[in-house]
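Working notes, structure below.
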Amino acid sequence: EIYNYGQPMDHATALYSLLLPFCFYHFRFQKKYLFALSFLSILVYLSHPMFAAILAICLAMLSATITIVMRRKGILILAATSILMIFFMPQLMTYFLKLDYFQTLSSIAASWEERVDIWMKVIELINERPILGWGLDTSSDIEGIMNTSFDKVIQVHPHNIPLQIRLETGLPGLLLFCGLIGVIWQYLLKQSDRAFAAACVASLSIYLCFAMVSFNAWHSWWLCTQYLAVLTILCFKALAPADRIIDI
């Protein structure tokens, strides 16, 4: 099965991407470490050009810039945008999958062709049971429920966590997920250090990007990666020099 070959590198790249903003935050006053970190990052993404990771890093830089320039107003805009996207994901995906860009993308890469096919099938299932969903772990049996089959170029699950949560737990689960993301954004709004807030926003943007195009919500390695990222955030926050905090 083709999708097994690249998984270890995908996992490592996802972990590296989530932690990268905090590495830059920690070494932001040490030029030689920043240069080394930048060089290492270029090597990582050139050696394993994972589309989701590259897209995530671009979004992270954009969101961090918005946070630094617009401060709390920027965080509020990003928070509202992300929560609305999560809540209206089925409707947004239905619209975007009809665009010529996605049709072209799916014709170029087999993995994206299958990803688009899975998304369309998942949206059909969501529309059948929009309120209560199909039950936990339904995502692992999409083929059985719809009496269809995929080429298995990639693992058969939604590859979109908002869609997966809506599929499995319905509207109640989606509201809980939106609430959890909202609590994280609220925590970021309370931060006094602008650089730390920007690093957190960047890492959260990376997570959301991966969540919308890649991994299964319940994969143990992905959950552990998130826990490790949170632990790293807390450690870097504790190690931050008090005299170098830039007010937000």
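Express the relative contact order of the chain as a whole percentage, based on alpha carbon pairs under 8 Å and six or more residues apart in sequence. It would help to have the intermediate numbers written out before the result.
Numbers: 278 pairs, mean separation 76.7, N = 248.
It rounds to 31 percent for the chain.
Mind telling me which of VAL213, VAL201, VAL183 comes out most flexible in a GNM of the chain, alpha-carbon contacts under 10 Å?
So, out of VAL213, VAL201, VAL183, the one fluctuating most is VAL183.
Any chance you could give the angle, 0 to 90 degrees and rounded to 10, that helix 72-87 forms with the longest Cα principal axis of the chain?
Once rounded, the angle reads 10 degrees.
Which of ILE184, ILE86 comes first, and how do the rest follow, when ranked by fewest Cβ neighbours within 10 Å? Can you show the working numbers first?
Working: ILE184 17, ILE86 22.
Taking fewest neighbouring Cβ atoms as first place, the list is ILE184, ILE86.
For the chain, what does the helix formula give at 222 nm: sum of -39500 (n - 2.57) over DSSP H segments with n ≥ 4, over the residue count, nearest 500 deg cm²/dmol? Each step should come with its number before you reach the end.
On the way: 11 runs with 183 residues, N = 248.
So the helix-based figure for the chain works out to -24500 deg cm²/dmol.
In degrees, nearest 10, range 0 to 90: what is the angle between the Cα axis of helix 31-47 and the longest Cα principal axis of the chain?
Value to nearest ten degrees: 20.
Restricting to DSSP loop positions (anything but H, G, I, E, B) with no more than 12 other Cβ atoms inside 10 Å of their own Cβ, which trypsin sites (Lys or Arg not before Pro) remain in the range 182-240? Mind dumping the intermediate values first?
On the way: sites: LYS190, ARG194, LYS237; in loops: LYS190.
Counting only loop positions with at most 12 other Cβ atoms within 10 Å, the trypsin sites (Lys or Arg not before Pro) in the range 182-240 are LYS190.
Give me PHE51, PHE22, PHE29, PHE215 sorted ascending by neighbouring Cβ count inside 10 Å, so fewest comes first.
Values: PHE51 13, PHE22 20, PHE29 10, PHE215 23.
The most exposed by this proxy come first: PHE29, PHE51, PHE22, PHE215.
Apply the Karplus curve 6.51 cos²θ - 1.76 cosθ + 1.60, θ = phi - 60°, to the phi angles in the range 119-136 and return the couplings in whole Hz, x for Gly and Pro.
Computed from phi, the couplings for the range 119-136 are 4, 5, 5, 5, 5, 4, 5, 4, 5, 6, 9, x, 8, 9, x, 9, x, 4 Hz.
Give, in nm to one decimal, the length gained when the segment between ALA36 and ASP100 is fully stretched (0.36 nm per residue of separation minus the Cα-Cα distance). Don't skip to the answer; put the middle values down first.
Details: separation 64, 0.36 × 64 = 23.04 nm, distance 4.01 nm.
Here the segment from ALA36 to ASP100 would lengthen by 19.0 nm.
In degrees from 0 to 90, rounded to the nearest 10, what is the angle of the helix 51-70 Cα long axis to the longest principal axis of the chain?
Tilt relative to the chain: about 50 degrees.
Given the options ALA198, ALA52, ALA238, state which has the largest fluctuation in a GNM of the chain using a 10 Å cut-off (strictly under) for Cα springs.
ALA238
FRET efficiency for MET120 and SER220, Cβ-Cβ distance as r, R0 = 30 Å, nearest 0.05?
Numbers: r = 28 Å, r/R0 = 0.93.
For R0 = 30 Å, the calculated efficiency reads 0.60.
If each residue's Cβ is checked for other Cβ atoms within 10 Å, how do THR67, THR13 rank with the fewest at the top? Walk me through the numbers before you get to the answer.
Working: THR67 27, THR13 22.
Ascending number of Cβ neighbours within 10 Å: THR13, THR67.
Report the gain in length on full extension from ILE131 to TYR16: 0.36 nm times residue separation, minus Cα-Cα distance, nm rounded to one decimal.
Numbers: separation 115, 0.36 × 115 = 41.40 nm, distance 3.65 nm.
So the chain would gain 37.8 nm between ILE131 and TYR16.
How big, in percent, is the set of alpha carbon pairs in the range 2-244 lying more than 25 Å apart? Provide the component values of the computation, followed by the final result.
Numbers: 13209 of 29403 pairs.
Value for the range 2-244 (Cα pairs over 25 Å): 45 percent.
None of the figures in this text is laboratory data; all of them are computed from the coordinates on show. Treat the numbers as computed from the prediction; the structure is a model and nothing was measured. No Cβ is skipped: glycine too gets one built from the backbone with ideal geometry, and neighbour counts run over all protein chains shown.
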